[in-house]
Amino acid sequence: MPSPPYLAVKMEVKMSENRQIDEQRIISVFSILEWAEAFIIDRKSRGLSPNTIPFYRKKLKKFLKYCEINQIHDIQELQAKHIRKYILWLEGKGHNKGGVHAHFRVLRTFLYWYELENDFIDWVNPIQKVKVKRPRQEPLEPADIKAVKAMLDVCANDFTGVRDRLIILILLDTGLRASELLALDFVNVNPIVGTLQILHGKGDKFRVVYLGKKSRLALRSYYRRIKNREGALIIGVHGERLTYTGLRLLLMRRAKKAGAEYQSPHSFRRLFALTMLRNGIDVFSLQLLMGHADLQMLRRYLKQAGSDLQEAHNKASPVDKWKL
C-alpha cells in the first residue's frame, strides 16, 4: 500500500536534510589551512595580478597564525568575537590602521568566497557582524625635485651612471610603479618615439606610457651600452634583471652621494602626478597614464599646497571672470 502524499513529502524533506548535514560534515573535515590554499588557487585561476596573489597569501598567513594560537581549526568554529580579537591582535603586533584594514579586507574576501563555495543549513558568516572603519587616506608626499636634480647630477657617464639616470628619468617622466618599470623588456620599448608598453599593470591591465625628449635621449644612450637586447630592459652589472631591492639600494646610493634625502620609487610617481596636473593635463588623461581604474586613487597622489589652490581659484574666479 503506497504511503500517503504528505508522508512521502515528509520523508523526502528528511532525506534532503540528511544529505545537507552529511555534506556539511564533509566540509568540516577540511581545515582552515586547506580552505585558505583552495582560496589562493581560486585567485590564481582568475588571472589576478602576480602582485595580488602574494598580498592575499601574506595577509592570510597572519590570520592562520592567529587561528593556530587560539586553536581554531574549522572555519565554522569562527565567530565574530574571534575576528574582533584578531583585529586587536594585529594592532598589538604594531600594524597601523591601514595595515589592519588590509588584513580585514583579505579575510572578508576569503570568508565570502568560502560561503559561496558551500551551501549551508544554519551557518552564518561571522564577518557580516564585524565592522572596521576604513582609515582616512591622507594625500601622499611627492619626491623632492631638488633632491632628484642632485641625484641626476651625480650620475657619471659609466654604465651604472647612465642606467641610474635613465631609471630616475623614467620614473619621473611616466609615473610608472616600480614593479612596472622592473618588468619592462627591450621588446616593450620604442627608443625612437619613446613609448613603453606596460603589459601587466595593476589589475593585469595593459597601457602605453610616453617619454619626453630628454628621457628619450637618455634611453638611447643606455641602448648603446647594451649588446644583448633580448631580455630585461633594466639590468644589474652582471646582466640580471634588477630587483626591487636593487632599485631601492641604487636610489639610496645616489641620494647619499648627492647629499640628499632618500626618495622612494613611489614618491616619483606622486611627483609625476602633481607636476602633470600643474602643467595643465586633464585628470582623465592622467588617470589613464597612471593606470588607475578610477579617480579615487588619483586623489591620494595630488598633495597640493595652498598656493596651488589659490592659483587655481585666481584663474577661475567667477566674480573676476564676470568683472562684477
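The values are calculated or read from the model by the stated rules, or taken from the named source; none is laboratory data. Quick caveat, the model's predicted, so the values are computed rather than measured. Quick reminder, even Gly has a Cβ in these numbers, built from the backbone with ideal geometry, and neighbours come from all protein chains shown. Just the protein is used for accessible areas: all its heavy atoms, side chains included, with ligands, DNA and RNA removed. Shrake-Rupley method; radii C 1.70, N 1.55, O 1.52, S 1.80 Å.
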Point to revise | Some residue of region 9-29 being in a loop (DSSP other than H, G, I, E, B) and at pLDDT 50 or above | key: no
Practice item. Quick one: residue 238 ticks every box in (1) out of contact with any Leu (no Cβ under 8 Å at 6 or more places or on another chain); (2) not in a loop (DSSP other than H, G, I, E, B); (3) not basic (Lys, Arg) except a single one, so which number is it? Key: (2)
Practice item. For region 31-48, state whether one or more residues are farther than 30 Å from residue 179 by Cβ, hydroxyl-bearing (Ser, Thr, Tyr) and at pLDDT 50 or above. Key: yes
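Having 2 or more residues that are touching a helix residue (DSSP H, G or I) at 6+ places or on another chain (Cβ under 8 Å) and among the β-branched types (Val, Ile, Thr) is the bar; report the helices (runs of 4 or more DSSP H) wholly within region 243-298 that clear it.
none
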Check your understanding: Restricting attention to region 51-92, and to residues there that are in contact (Cβ under 8 Å) with a residue 12 or more places away in the chain and not in a helix (DSSP H, G or I), which single residue is most open to solvent (accessible area, probe 1.4 Å)?
Key -> 73
Review point. Any idea which residue in region 275-310 is surrounded by the fewest Cβ atoms within 10 Å (Cβ to Cβ), counting only those that are at pLDDT below 85 and among the hydroxyl-bearing types (Ser, Thr, Tyr)?
Key: 307
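Quick check on region 205-228: of everything there that is part of a helix (DSSP H, G or I) and in contact (Cβ under 8 Å) with a residue 40 or more places away in the chain, which residue is surrounded by the most Cβ atoms within 10 Å (Cβ to Cβ)? Give the derivation first.
So in region 205-228, the residues part of a helix (DSSP H, G or I) come out as 213-223.
Okay, now just the ones that are also in contact (Cβ under 8 Å) with a residue 40 or more places away in the chain, so 214-215, 218-219, 221-222.
On the way: 214: 11, 215: 20, 218: 23, 219: 21, 221: 15, 222: 21.
This residue is 218.
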